[in-house]
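Inspection log for the structure reproduced underneath, given as structure tokens.
The values are calculated or read from the model by the stated rules, or taken from the named source; none is laboratory data. Predicted model only: the values in this text are computed from it and were never measured. Glycine gets a Cβ as well: all are built from the backbone with ideal geometry, and neighbour counts include every protein chain shown. We work out accessible area using only protein heavy atoms, side chains counted, and drop any ligands, DNA or RNA first. Shrake-Rupley method; radii C 1.70, N 1.55, O 1.52, S 1.80 Å.
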Amino acid sequence: MRSPLLSLAGAAALALLVAGCQSIPQNIDTANDDGHAVMGLDYRDFQNTANSLVQSLLSSGALRKPGGGQYVMASSTIVNDTMQRIDTDQLMVKIRESMMASGQVVMTSAVGVGDATDKMVYQARELRNSDEFNQSTVLQKGTLVAPELSIAGKIIQRDIRYERNKTQVEYYFQLMVTDLTKGLVLWQKEDVIGKRGSSKSVSW
Amino acid sequence: MRSHRLLVLGCLALAGLLTGCQSVQPLPDPRISVDPALGRSLAVTRLVTMRNQADLMEMQATLVNLGYQTLPLDVRVDWFDLNGIKQGSLTEKWNTISVSRQAEFSLKVTAPNEQATDFRCYIHEAKRN
């Protein structure tokens with residue numbers, strides 16, 4: 001009689017122990033995150049890189065249009081040459097947001113590469129031949145504004161063996177702004193993030 | 001001859017003493033807030049503000065690491081317009097910099113837009129990881 005009671009108590013204690021050891025998920029305070037670094041790219045890396053690139057771009061004066069007004073800018077390709085599956089918009093959205101907030105640039109979603117375009121710009125124009133729509137409300141020809149500047153870039157990863165069991169991972173963020181009229185590069189910057197850690201902690 | 005030598009030695013000792021006692025005075029500016037815990041390790045010696053060629057305000061603060069170890073710092077800059085309304089910016093998140101031992105670091109930050117005319121800069125020691 002005693003032994004079944006004991007085994008029951010033991011099982012209950014074990015269940016409590018297991019439940020107590022389970023880690024409870026926690027929200028990250030993204031404004032004050034002092035968690036340790038990771039070998040891959042995390043949101044803090046994108047945040048710091050975007051900040052560095054935007055600071056350089058804004059202080060360069062490259063976005064100041066001679067004679068006043070705002071430049072119209074299109075997003076070109078951001079090549080992901082890393083071993084990670086990165087949605088390059090994670091970086092570009094922050095940069096586009098800051099450029100537009102500066103009041104010096106307007107981004108176009110009519111022309112661009114990938115997710116930077118809005119298909120509705122052209123779909124709305126296909127309504128010109130439809131009898132279902134009041135044609136006076138349909139978008140007219142020749143209303144789109146062509147881009148004057150383009151922003152393009154590349155993210156590169158290099159893995160280097162640092163010590164016997166350590167790897168150094170270097171991420172290069174390259175960005176440039178081109179004047180589409182003349183084809184001249186108005187601004188360019190490269191920012192590097194380096195990480196060292198155990199070779200066991202993979203970076204892809 | 002002997003007194004001449006003594007004079008030279010005295011001058012050298014005095015120069016060494018002065019160099020060793022060189023003090024960098026902290027800059028009292030309400031726009032820059034340094035964590036008191038950094039009191040003896042960090043001094044802000046100069047603050048310059050200007051409008052750049054894009055008509056955006058820029059601030060540059062000279063930070064001096066008074067210690068003998070590289071000092072990692074977290075820096076945040078909040079920008080405000082004339083009415084004191086905060087302007088959204090990537091600099092409102094903590095960014096990590098590091099200042100080499102016994103060296104200066106020029107912290108330069110550009111305002112997010114033309115309306116930003118005032119700022120608050122917060123500095124504290126970054127966690128080493």
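In the stretch B:98-115, how many are in a loop (DSSP other than H, G, I, E, B) and surrounded by fewer than 18 Cβ atoms within 10 Å (Cβ to Cβ)?
6
Go through the stretch A:105-153 residue by residue and tally those that are part of a loop (DSSP other than H, G, I, E, B) and of a type in the set (Phe, Trp, Tyr).
1
For the subset of the stretch A:63-82 comprising residues that are open to solvent by 20 Å² or more (accessible area, probe 1.4 Å) and in contact with a Leu (Cβ under 8 Å, 6 or more places away or on another chain), which member is farthest from the other protein chains (Cβ to nearest Cβ)?
Looking at residues that are open to solvent by 20 Å² or more (accessible area, probe 1.4 Å) and in contact with a Leu (Cβ under 8 Å, 6 or more places away or on another chain), I get A:82.
So which residues in the stretch A:20-46 are within 11 Å of chain B (Cβ to nearest Cβ) and either in a loop (DSSP other than H, G, I, E, B) or farther than 23 Å from residue A:171 by Cβ (or both)?
Within the stretch A:20-46, A:29, A:30, A:31, A:32, A:33, A:34, A:35, A:36, A:37, A:38 meet the criteria.
Could you list all residues from the stretch B:72-97 that are of a type in the set (Val, Ile, Thr) and either surrounded by 18 or more Cβ atoms within 10 Å (Cβ to Cβ) or in contact with a strand residue (DSSP E or B) (Cβ under 8 Å, 6 or more places away or on another chain) (or both)?
Of everything in the stretch B:72-97, those that are of a type in the set (Val, Ile, Thr) and either surrounded by 18 or more Cβ atoms within 10 Å (Cβ to Cβ) or in contact with a strand residue (DSSP E or B) (Cβ under 8 Å, 6 or more places away or on another chain) (or both) turn out to be B:75, B:77, B:91, B:96, B:97.
Got a number for residues in the stretch B:41-97 being within 14 Å of chain A (Cβ to nearest Cβ), farther than 30 Å from residue A:67 by Cβ and either among the basic types (Lys, Arg) or in a helix (DSSP H, G or I) (or both)?
4
Yes/no per residue for (1) surrounded by 17 or more Cβ atoms within 10 Å (Cβ to Cβ); (2) within 17 Å of residue A:174 (Cβ to Cβ); (3) among the polar types (S, T, N, Q); (4) within 16 Å of the chain's Cα centre (by Cα):
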position: A:48; (1), (2), (3), (4): yes, yes, yes, yes
position: A:85; (1), (2), (3), (4): no, no, no, yes
position: A:104; (1), (2), (3), (4): yes, no, yes, no
position: A:116; (1), (2), (3), (4): yes, no, no, yes
position: A:131; (1), (2), (3), (4): no, no, no, no
position: A:138; (1), (2), (3), (4): no, no, no, no
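Out of curiosity, is residue A:192 open to solvent by less than 80 Å² (accessible area, probe 1.4 Å) and in contact with a Ser or Thr (Cβ under 8 Å, 6 or more places away or on another chain)?
Considered against the rule, which asks whether it is open to solvent by less than 80 Å² (accessible area, probe 1.4 Å) and in contact with a Ser or Thr (Cβ under 8 Å, 6 or more places away or on another chain), residue A:192 comes out as no.
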